């Protein structure tokens, strides 16, 4: 796709973003209202399928107002990590009895791969009655193998041999082994309808980092780390978080309408253990349009996520990029970290639609673009990388709108793949 076409697409996306912000203000949608309008009595999920297999002929139980836990196996394959097997679970519940309370959700996963990768995480997004407080956090412990494809957005570069290796214009694959530990917690206080102010902390620890296939150190990771004064074996990235959030989404797991916007500052400080100081600005905007009152599952969804370095220096593996959003769902079509820079901008447009009348199967089509700066002079918005794909959704829990997401996507440089997850990408 040509650059002029990218700018046309980006202009359309910016128009949609502005119209979303304007239409979002003044909306006041409660979870209770949405559940009344969107009855699940005729929906069919995995629980109903299991019921029919093991208890044929007996009536199905009605959907519960209070949702439970949705467990599922976690199976995946990637040449970098090998075959993966594990267990995932998602839970959702509206706390209290007040009408304007958003659904609280939690998720956890534990998995192991044939290449010895062990990964565990626990996350939560909890709203107290009346949305007075919102608690968001996660805990991660992992023995990782991180695929790496260089610094920047790809394309032709020139300079010293080290600069070319760092930019990696041909997207040669590297693999970084190590240990990763993260603790993050943010607390938001509702200051007016739909508007929250929050603060928190994030502790990121990387240990025993090495590229076993390139012991000579001529890799993007080693070159960047040495140029910016980081130990190539380990580092810490510890910082304070300050956020402003506005949300009118009708549902946390799978929104049909409304919007979500979050702007935040991350301030890494050496006096709390961070290897380097840095100030980073992040923005997250999501807007949903339901196209039918009769079938609200027909949805146009838009997402923009960006991260910008204001001052200081970030470690290589903490640079923003493909799949580096808080839920690791951006950039379908590329591996996590395929493109990255100190400044990064990502947008995605998705159409969601029902396939079966009982809502058991639905589908999506999507298109995304991303841009980043690099070390050879390329600025943000100068070069774009696209990806596109389609996917299938299987309803796991009708009370919480929890779906199994199966997507196939492709991008440039021959990048393509199958992406599995619980719930929508955004």
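Using 5 Å bins from zero, what percent of all Cα-Cα pairs in the stretch 294-338 falls into each bin?
5, 17, 22, 19, 14, 9, 6, 4, 3, 1, 0
Roughly speaking, what is the centre-to-centre gap between the stretch 121-190 and the stretch 400-426 when only Cα atoms are used, to the nearest Å?
18 Å
Grab the Cα-Cα distance for residue 162 and residue 310, subtract it from 0.36 nm times how many residues apart they are, and report the gain in nm with one decimal.
Working: separation 148, 0.36 × 148 = 53.28 nm, distance 2.53 nm.
Answer, rounded to one decimal: 50.7 nm.
When the Cα centres of the stretch 309-379 and the stretch 209-273 are compared, how far apart do they sit, in Å?
Their Cα centres are 14 Å away from one another.
If you build the Cα gyration tensor of the stretch 364-421 and take the root of 5 times each eigenvalue, what three semi-axes come out, in whole angstrom, biggest first? Before the final figure, lay out the partial values.
On the way: eigenvalues 204, 33, 15 Å².
After diagonalising the Cα gyration tensor, the semi-axes are 32, 13, 9 Å.
For the peptides 267-273, 243-249, 310-316, what is the packing order when you average, over each peptide's residues, the other Cβ atoms within 10 Å and list the highest mean first? Walk me through the intermediate numbers first.
Working: 267-273: 14.9, 243-249: 20.3, 310-316: 17.9.
So the order, starting with the most tightly packed, is 243-249, 310-316, 267-273.
Once the mean 1/r over all distinct Cα pairs of the stretch 303-396 is inverted, what Kirkwood radius in angstroms do you read off? Write down the numbers at each step before the final one.
Values: mean 1/r = 0.0685 Å⁻¹.
So the Kirkwood estimate lands at 14.6 Å.
In nm, to one decimal, how far is the modelled label at residue 141 from the one at residue 300, with both set 7 Å along Cα→Cβ?
4.7 nm
Could you give the length gained by full extension between residue 365 and residue 293, i.e. 0.36 nm per residue of separation minus their alpha carbon distance, to one decimal place? Before the final figure, lay out the partial values.
Details: separation 72, 0.36 × 72 = 25.92 nm, distance 2.08 nm.
My answer for the length gained is 23.8 nm.
Multiply the residue gap between residue 356 and residue 83 by 0.36 nm, knock off their C-alpha separation, and tell me the result in nm, one decimal place. It would help to have the intermediate numbers written out before the result.
Numbers: separation 273, 0.36 × 273 = 98.28 nm, distance 3.17 nm.
That pair, residue 356 and residue 83, stretches by 95.1 nm at full extension.
Only the coordinates and a few stated rules stand behind these numbers; no lab work does. As the structure is a prediction and not an experimental result, all values here were calculated from the model. Every residue, glycine as well, gets a Cβ built from its backbone with ideal geometry; the counts of neighbours run over all protein chains shown.
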